[in-house]
1. Condition first: in a helix (DSSP H, G or I) and either among the polar types (S, T, N, Q) or within 11 Å of the chain's Cα centre (by Cα) (or both). Now tell me which residues in region 25-45 satisfy that.
2. Name the single residue, out of those in region 173-198 being hydroxyl-bearing (S, T, Y) and within 28 Å of P41 (Cβ to Cβ), that is modelled with the lowest pLDDT.
3. Return the pair list, or none, for Cβ contacts closer than 9 Å from residues in region 130-151 that are closer than 17 Å to P174 by Cβ and at pLDDT below 90 to residues that are of a type in the set (K, R) and part of a loop (DSSP other than H, G, I, E, B), at least 6 apart or on different chains.
4. Given the condition modelled with pLDDT under 90, under 43 Å from the mean Cα position of the chain (by Cα) and at negative phi, answer yes or no: does some residue in region 7-15 qualify?
5. So in region 78-95, with the set limited to residues that are not charged (D, E, K, R) and not in a helix (DSSP H, G or I), which one is surrounded by the most Cβ atoms within 10 Å (Cβ to Cβ)?
6. Taking the criterion of being surrounded by fewer than 14 Cβ atoms within 10 Å (Cβ to Cβ) and at pLDDT below 65, would at least one residue in region 24-40 satisfy it?
7. Applying the selection to region 50-77, what residues are in contact with an Asp or Glu (Cβ under 8 Å, 6 or more places away or on another chain) and surrounded by 15 or more Cβ atoms within 10 Å (Cβ to Cβ)?
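The values are calculated or read from the model by the stated rules, or taken from the named source; none is laboratory data. Note that this is a predicted model, so its numbers are computed, not measured. FYI the Cβ positions are ideal-geometry reconstructions off the backbone, even for glycines, and counts take in every protein chain you see.
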Amino acid sequence: MKSAVVWTLLAMSILFGASALAQEQKTATLDLKKVYDNYAPFQQAYEAMKKEVEAAAEDLKLRAAVIESDRKQLAELPKDDPGYKDLEAKIADDREQLSELAWTHKTTFARREAQLYAEAYRAIFKQLDAYCQANKIDVLMRPNRGQFAEDQATSSDPKTVAEQLNRPVLYTSPRLDITDDFLKFLNREPAKEPPSEKADRR
């Protein structure tokens, strides 16, 4: 009898201990895509790169137009014309250079885009760590608004359905979402440095 009472008390203490631990843990959710879309330094750098991409695309377009103009001119020349072979060679060279330039732009901008995301990721997560520590957040997850039924209804892809079924978290309350508050923290004005001792002495 006494042993049964002891085991009951022990089980209750474990149960209440686990419950207290769960209550002490603070959980929140963060929409990382929204953070990227509204992180000012990242967006500024991305827009600047986007303008470079557009300028490069316009340059390629102009080069292609010159090649097309030369091609039309070549089509009007007799093959025994003295300038035919020179123009034909020029078109071939220009096409090769255009292809190489297009590939260079593609790889360069893809690498720069990846670098921008990586730099933003490091900056965001450095601030996120500080934010979570300051607000005593123990667990941070991506939000899940219980969209399974909608996704399942609109998708016939077995992989998509399987991913929905295998989600570790099926639903998170909007009350847990810290995205907007974290964005204010992330995009806040940097603190001004205090005046140096040398300046104070003046």
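1. Step one: list which residues in region 25-45 are in a helix (DSSP H, G or I), which gives 32-38, 40-45.
Within region 25-45, L32, K33, K34, V35, Y36, D37, N38, F42, Q43, Q44 qualify.
2. Step one: filter region 173-198 for residues hydroxyl-bearing (S, T, Y), giving 173, 179, 196.
Keeping just the survivors that are within 28 Å of P41 (Cβ to Cβ) gives 179, 196.
Values: T179: 94, S196: 43.
Looking at the filtered set, the residue picked out is S196.
3. Qualifying pairs under 9 Å: N144/R167; F148/R167.
4. Going through region 7-15, the residues modelled with pLDDT under 90 turn out to be 7-15.
So of that shortlist, the ones also under 43 Å from the mean Cα position of the chain (by Cα) come out as 14-15.
Next, from what is left, pick out any that are at negative phi: 14-15.
Among the residues of region 7-15, at least one is modelled with pLDDT under 90, under 43 Å from the mean Cα position of the chain (by Cα) and at negative phi, which makes the answer yes.
5. Within region 78-95, the match that is surrounded by the most Cβ atoms within 10 Å (Cβ to Cβ) is G83.
6. yes
7. Start the filter on region 50-77 by keeping residues that are in contact with an Asp or Glu (Cβ under 8 Å, 6 or more places away or on another chain), which leaves 63, 66-67, 70, 74.
R63, I67, D70, L74 - these are the residues of region 50-77 that are in contact with an Asp or Glu (Cβ under 8 Å, 6 or more places away or on another chain) and surrounded by 15 or more Cβ atoms within 10 Å (Cβ to Cβ).
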